[in-house]
1. From the list 152, 110, pick out the single residue that is modelled with pLDDT under 95 and part of a strand (DSSP E or B).
2. Any chance segment 72-82 includes a residue that's more than 20 Å from residue 192 (Cβ to Cβ), among the aliphatic types (A, V, I, L, M), over 16 Å from the mean Cα position of the chain (by Cα) and surrounded by fewer than 21 Cβ atoms within 10 Å (Cβ to Cβ)?
3. Listed residues 224, 181; which is part of a helix (DSSP H, G or I) and under 20 Å from the mean Cα position of the chain (by Cα)?
4. For residues that are free of Cβ contacts under 8 Å to residues at least 40 places away in the same chain, among the small types (Gly, Ala, Ser) and in a loop (DSSP other than H, G, I, E, B), tally how many sit in segment 63-96.
5. Considering only segment 157-202, state which residues are at pLDDT 95 or above, loosely packed, with under 14 Cβ neighbours inside 10 Å and of a type outside the set (D, E, K, R).
6. Only one of (1) over 18 Å from the mean Cα position of the chain (by Cα); (2) modelled with pLDDT under 95 fails for residue 237. Which number is that?
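The values are calculated or read from the model by the stated rules, or taken from the named source; none is laboratory data. Everything numeric in this text was worked out from a predicted model, so none of it was measured. With ideal geometry, Cβ positions are generated from the backbone for all residues, glycine too; neighbour counts draw on all protein chains shown.
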Amino acid sequence: MRRVELPNGFKVAGFNDLEPAVLYHEMFVERSYLRNGVALSPGDVVFDVGANIGMAALFFYAECPAISIHAFEPGSRTFAALRENMAEFKVPVTLHNAAVSDAPGTALFDFYPRWTALSGLLPDPGEAARIIRTYFGNLGFSEPDVEELLLDRFVRETEECRVTTVSEVIATWGIGALGLLKIDVEKSELAVLRGVRAEHWPRIRQVVMEVHDLRGAGNAAVSLLEDQGFRVTVEQAPLLAGTEVYEVFAVRPGHCGEPGEPG
């Protein structure tokens with residue numbers, strides 16, 4: 001783990017110089033999580049599912065300091081960086097060293113030390129390499145430069161992790177309203193949604209998630225959210241054109257950026 005300085009002067013704990021800069025651009029510059037009517041309000045509770053080293057949590061806190069965050073990260077090494085970053089910047093956060101899925105238990109977590117954001121419960125180094133290759137190709141990198149960037153990026157480590165569900169945490173912590181459910185879990189996103197019990201869906205005001213549209217997962221996620229009463233928008237970042245990775249924004253009609261309980 002090392003300290004990486006970001007353009008805004010933050011020095012974050014991370015595992016390489018490149019990845020925090022990419023995440024900073026996506027979140028702080030492109031504002032990838034707060035678009036299409038998704039907004040934060042004072043008093044909101046935010047679930048950061050797939051928190052990694054905490055870049056999204058830092059962005060949410062910088063955007064609206066009067067929130068509380070539950071951050072979920074299963075990997076022991078990334079969790080250590082997350083904990084360090086949250087303490088360094090005094091983010092009001094409850095940390096969960098756990099994955100989130102459709103049922104509590106345990107699972108195997110695959111960790112890529114040199115590109116941690118692509119770690120997950122459903123490993124596919126080939127797909128991960130294709131995404132990174134396409135991303136940097138769209139940025140204008142030459143093929144030889146991209147191949148050099150990819151060299152040894154997907155050497156992986158595997159460990160057992162705890163698994164929880166959104167509903168288990170809502171019930172355990174007595175959360176009456178969830179302002180934002182953010183999900184970035186590398187192909188496990190549909191399982192996260194399926195871990196929300198029927199009685200808890202009305203408490204969730206907004207969802208923003210990365211979806212890997214494999215084997216119908218994208219349509220299934222959109223249909224599930226629409227069935228729960230959300231207005232759903234799907235986008236693909238220009239730098240991810242040519243991949244199966246999309247962003248899904250789900251907001252309850254009449255509650256765009258408004259605080260309080262959903263109707």
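1. 110
2. Within segment 72-82 (the criterion being more than 20 Å from residue 192 (Cβ to Cβ), among the aliphatic types (A, V, I, L, M), over 16 Å from the mean Cα position of the chain (by Cα) and surrounded by fewer than 21 Cβ atoms within 10 Å (Cβ to Cβ)), the answer is yes, since at least one residue qualifies.
3. 224
4. Total satisfying the criteria: 1.
5. Hits for segment 157-202 are 171, 172, 173, 174, 176, 198.
6. Only one criterion in (1) over 18 Å from the mean Cα position of the chain (by Cα); (2) modelled with pLDDT under 95 is unmet by residue 237, namely (1).
Conditions (1) aliphatic (A, V, I, L, M); (2) closer than 23 Å to residue 172 by Cα; (3) touching a helix residue (DSSP H, G or I) at 6+ places or on another chain (Cβ under 8 Å); (4) surrounded by 21 or more Cβ atoms within 10 Å (Cβ to Cβ), marked per residue:
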{"position": "12", "(1), (2), (3), (4)": "yes, no, yes, yes"}
{"position": "43", "(1), (2), (3), (4)": "no, yes, no, no"}
{"position": "51", "(1), (2), (3), (4)": "yes, yes, yes, yes"}
{"position": "58", "(1), (2), (3), (4)": "yes, no, yes, yes"}
{"position": "61", "(1), (2), (3), (4)": "no, no, no, yes"}
{"position": "66", "(1), (2), (3), (4)": "yes, yes, no, no"}
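Per-residue answers, yes or no, for (1) part of a loop (DSSP other than H, G, I, E, B); (2) charged (D, E, K, R); (3) closer than 20 Å to residue 232 by Cα; (4) touching a Cys at 6+ places or on another chain (Cβ under 7 Å):
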residue	(1), (2), (3), (4)
9	yes, no, no, no
19	no, yes, no, no
31	yes, yes, yes, no
36	yes, no, yes, no
46	no, no, yes, no
61	no, no, no, no
